[in-house]
Amino acid sequence: MIINICHLYGNLLNTYGDVGNVMAIKYLAEKKGYKVNVDVISINDDFYYKKYDFVFFGGGQDYEQSIVEKDLENKKDNIIKYIENDGLFLAICGGYQLLGKYYYDAYNNKIEGLNIFDYYTKNQEDSKRFVGNVKVKDNKSGQIYEGFENHGGVTYLSDKHCAFSTIIEGYGNNGQDKTEGFRYKNTFASYLHGPLLARNDNLCDTFLQIIEDNKKQY
């Protein structure tokens, strides 16, 4: 079986080595005997939603994210189709923010997101940042994950029940309501670097199982 992975804007958005999420699931899949192809889909590239089994969308600096913002609109319809067809999607930090309504950069400029999901991100006062190790509990499976966060933005979900996980240690989405990340169908969004999948074998196993289940259906 062949597994096709899309690294969205992998040449622009790769803070804190988050490409390790792609490397981790590629390693696990190849260990199980699968052939894995990885495509970097970037500015002016077409995103063919039916082609991919896993999409990773990382974060970057404000300048790179402002460039990506302009190109994302061209991919929005196919990204929505991918998500609604239960495609496996992981968005970290800036990628997480860009799937929502909007966020504010370090200079307090409003950056429009794809507005696929109902949440938004504001800046913390006095340019504060949430930095440090994080431990969370998966709201669906109850599994524990660990990672590292470093973000100045604070994200507020319209429905807290849509959070990916609950904070045990750390700050999470906003340092107030104990939520961390967001989940819808097989789309996972989080502030956890690490990279997340490389640090948490249990989540990486879950992701590969989702891919396998999806391939059985189609």
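The values are calculated or read from the model by the stated rules, or taken from the named source; none is laboratory data. Predicted model, so just to flag it, every value in this text is computed and none were measured. Cβ sites come from the backbone with ideal geometry, for glycine too, and all protein chains shown count toward neighbours. Keep in mind that these areas ignore ligands, DNA and RNA; they rest on the heavy atoms of the full protein, side chains included. Shrake-Rupley method; radii C 1.70, N 1.55, O 1.52, S 1.80 Å.
Things to note:
- The range 172-218: number of residues that are part of a loop (DSSP other than H, G, I, E, B), farther than 23 Å from HIS151 by Cα and in contact (Cβ under 8 Å) with a residue 40 or more places away in the chain: 2
- With respect to being open to solvent by less than 40 Å² (accessible area, probe 1.4 Å) and either in contact (Cβ under 8 Å) with a residue 12 or more places away in the chain or assigned to a loop (DSSP other than H, G, I, E, B) (or both), VAL131 falls outside the description.
- Members of the range 13-46 that are more than 15 Å from the chain's Cα centre (by Cα), under 16 Å from GLY95 (Cα atoms) and part of a loop (DSSP other than H, G, I, E, B): SER42, ILE43
- Scan of the range 80-96 for residues that are more than 8 Å from the chain's Cα centre (by Cα), not small (Gly, Ala, Ser) and not in a helix (DSSP H, G or I), ordered by number: ASN85, ASP86, LEU88
- LYS70 of a type outside the set (Phe, Trp, Tyr), open to solvent by 50 Å² or more (accessible area, probe 1.4 Å) and either farther than 29 Å from ALA106 by Cβ or touching a strand residue (DSSP E or B) at 6+ places or on another chain (Cβ under 6 Å) (or both): no
- Looking across the range 142-152 at every residue that is open to solvent by 10 Å² or more (accessible area, probe 1.4 Å) and touching a helix residue (DSSP H, G or I) at 6+ places or on another chain (Cβ under 9 Å), the one that is modelled with the lowest pLDDT is identified as GLY152.
- Matching residues, the range 174-196, being within 16 Å of PHE54 (Cβ to Cβ) and in contact with a Ser or Thr (Cβ under 8 Å, 6 or more places away or on another chain): SER190, LEU196
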